[in-house]
Amino acid sequence: MLSDAKARKLKPDDKPVLDGTVKGLYLFPAQTPGTGKWILRYVSPKSSKRRDMGLGSYPAVSIRDARTKAFEARTKIEEGADPLDDRRAEARNARKEACIPTFEEAARSVHSDLSPGYRNAKHARQWISTLEATVFPKLGERRVDELGPGDFAACLKPIWLKTPETASRVKQRCEAVMEWCAAHGFIMASPVRVVEKLLPKQPGKRERVEHQPAVPWRELPKLFRDLLHAGEVTRTKLMLELLILTACRSGELRQMTWEEIDFGGATWIVPAARMKAKAQHRVPLTPRAVHILETQLQHSDDRRGLVFPSRKNTPISDMTLTKFLRDRNVASDAAGRIATAHGFRSSFRDWASEAGYPRDVAERALAHTVRNAVEAAYHRTDLIDQRRAMMLDWEQHCLATS
């Protein structure tokens, strides 16, 4: 039986010493006298091959501790397991656990991957800011493999019924993060999939849609007469008037460039990159719309760049038109709410329906996509001739004096 006295006399050129208490346990001499390495030799019950399993160095690992480790390994062997395989599996799991990110780390990685696909920096920022406000304070520092449906339900519960639209977006973003984690092998599956089972039923989309406050279409002639055409002509007034006459989105107008205007064909061609649906949109320009653009053209030296530039030659702020309406307390069809620039698209849509224009013509004027995939595949015309006639009628209504 091996003793400390024998072990301390071990020399570098000595043969390995059999312990004598646990089958296959040897102390191999090291380069320094009185030191060695514990090795357990055994035949794997799985592969039937001889294996050498290191149990540490002597004297750091004492004889007693080496025998304990060897005995535990022998017990596994007798049970049909290979202790060396088990050790390597544990090491792999430990390395894997060390790489598992926290929820915040995973979310920021996902955000970094998704950001290039967003239309603008504002949308990219909104994606992560909602998680920063609602999820990171509670779950940000926890590892993703520790999170369950109840954790996400607890984050969503305060806003689930109060602001259902926001809550749904937060849930979708949490789902994207956890799906990413599953794809990378950090978790088996996303726990966010079943989180709704732990939350009360939200009101349907129809019930919670909050429309943009709009000026009733019958009130537009008065708006043009008393506000847009009264007093000093300003760039903001011209922008708002052009926005209404073209039924476009604020962002499309604010980023309009002279290269997009075809004065000869009285058409504004908005490139796909700037459209919500990512498809080129032709806008027929009415006589008044053309006049507004010609007026603005007088302030351009080279007929290039933005039609309505800011002082820094960048697109005007998206708050410019909203502030104009707010400062003048322009009433809307929503009780107690001021009209918004986007709401004029709703004004136009209501007018088009009341005037008897086909739904397809009106929807294409608003650059809305065809939801039905089959219909979209066959319906490729943008109906610009029909829309030009409709926009002429729309202008006549807006400019009516009686």
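The values are calculated or read from the model by the stated rules, or taken from the named source; none is laboratory data. Remember, predicted model here, so these are calculated numbers, not experimental data. Reconstructed Cβ throughout: ideal geometry from the backbone, glycine too, with neighbour counts over all protein chains shown. To get the accessible areas, we keep the full protein, side chains included, count just its heavy atoms, and leave off ligands, DNA and RNA. Shrake-Rupley method; radii C 1.70, N 1.55, O 1.52, S 1.80 Å.
Listed here are the residues, each with its yes/no results for (1) farther than 30 Å from residue 317 by Cβ; (2) in contact with a Pro (Cβ under 9 Å, 6 or more places away or on another chain); (3) assigned to a helix (DSSP H, G or I).
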{"position": "86", "(1), (2), (3)": "yes, no, yes"}
{"position": "127", "(1), (2), (3)": "no, no, yes"}
{"position": "171", "(1), (2), (3)": "yes, no, yes"}
{"position": "188", "(1), (2), (3)": "yes, no, no"}
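In summary, residue 273 fulfils each of the numbered conditions (1) more than 24 Å from the chain's Cα centre (by Cα); (2) under 25 Å from residue 322 (Cβ atoms) with the single exception of condition (1). Among the residues making up region 112-127, those that are under 20 Å from residue 101 (Cα atoms) and open to solvent by 60 Å² or more (accessible area, probe 1.4 Å) are 112, 113, 114. Here residue 149 clears all of (1) open to solvent by less than 60 Å² (accessible area, probe 1.4 Å); (2) free of Cβ contacts under 8 Å to residues at least 12 places away in the same chain except the condition numbered (2). For region 1-53, give me each residue that is in a loop (DSSP other than H, G, I, E, B), basic (Lys, Arg) and under 54 Å from the mean Cα position of the chain (by Cα). Within region 1-53, 46, 49 meet the criteria.
Every residue, every condition in (1) without any contact (Cβ under 8 Å) to a residue 12 or more places away in the chain; (2) in a helix (DSSP H, G or I); (3) out of contact with any Pro (no Cβ under 8 Å at 6 or more places or on another chain); (4) open to solvent by less than 30 Å² (accessible area, probe 1.4 Å), yes or no:
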{"residue": "156", "(1), (2), (3), (4)": "no, yes, yes, yes"}
{"residue": "192", "(1), (2), (3), (4)": "no, yes, no, yes"}
{"residue": "202", "(1), (2), (3), (4)": "no, no, no, no"}
{"residue": "213", "(1), (2), (3), (4)": "no, no, yes, yes"}
{"residue": "220", "(1), (2), (3), (4)": "no, yes, yes, yes"}
{"residue": "226", "(1), (2), (3), (4)": "yes, yes, yes, no"}
{"residue": "231", "(1), (2), (3), (4)": "yes, no, yes, no"}
{"residue": "241", "(1), (2), (3), (4)": "no, yes, yes, yes"}
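Among the residues making up region 14-43, those that are closer than 19 Å to residue 76 by Cα and either surrounded by fewer than 17 Cβ atoms within 10 Å (Cβ to Cβ) or in contact with a Cys (Cβ under 8 Å, 6 or more places away or on another chain) (or both) are 21, 23, 41, 43. Taking residues in region 305-328 that are in contact (Cβ under 8 Å) with a residue 24 or more places away in the chain and part of a loop (DSSP other than H, G, I, E, B), and partners anywhere that are among the basic types (Lys, Arg) and surrounded by fewer than 17 Cβ atoms within 10 Å (Cβ to Cβ), the pairs with Cβ atoms closer than 7 Å and at least 6 places apart or on different chains are 308/235.
The requirement of being in a loop (DSSP other than H, G, I, E, B), open to solvent by less than 30 Å² (accessible area, probe 1.4 Å) and at pLDDT below 90 is not satisfied by residue 341. Quick one: is residue 176 out of contact with any Phe, Trp or Tyr (no Cβ under 6 Å at 6 or more places or on another chain) and either loosely packed, with under 14 Cβ neighbours inside 10 Å or in a helix (DSSP H, G or I) (or both)? So residue 176 passes the test.
Yes or no, residue by residue, for (1) of a type outside the set (A, V, I, L, M, F, W, C); (2) loosely packed, with under 15 Cβ neighbours inside 10 Å; (3) within 27 Å of residue 36 (Cα to Cα):
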{"residue": "57", "(1), (2), (3)": "yes, no, yes"}
{"residue": "102", "(1), (2), (3)": "yes, no, no"}
{"residue": "110", "(1), (2), (3)": "no, no, no"}
{"residue": "129", "(1), (2), (3)": "yes, yes, no"}
{"residue": "133", "(1), (2), (3)": "no, yes, no"}
{"residue": "145", "(1), (2), (3)": "yes, yes, no"}
{"residue": "162", "(1), (2), (3)": "yes, yes, no"}
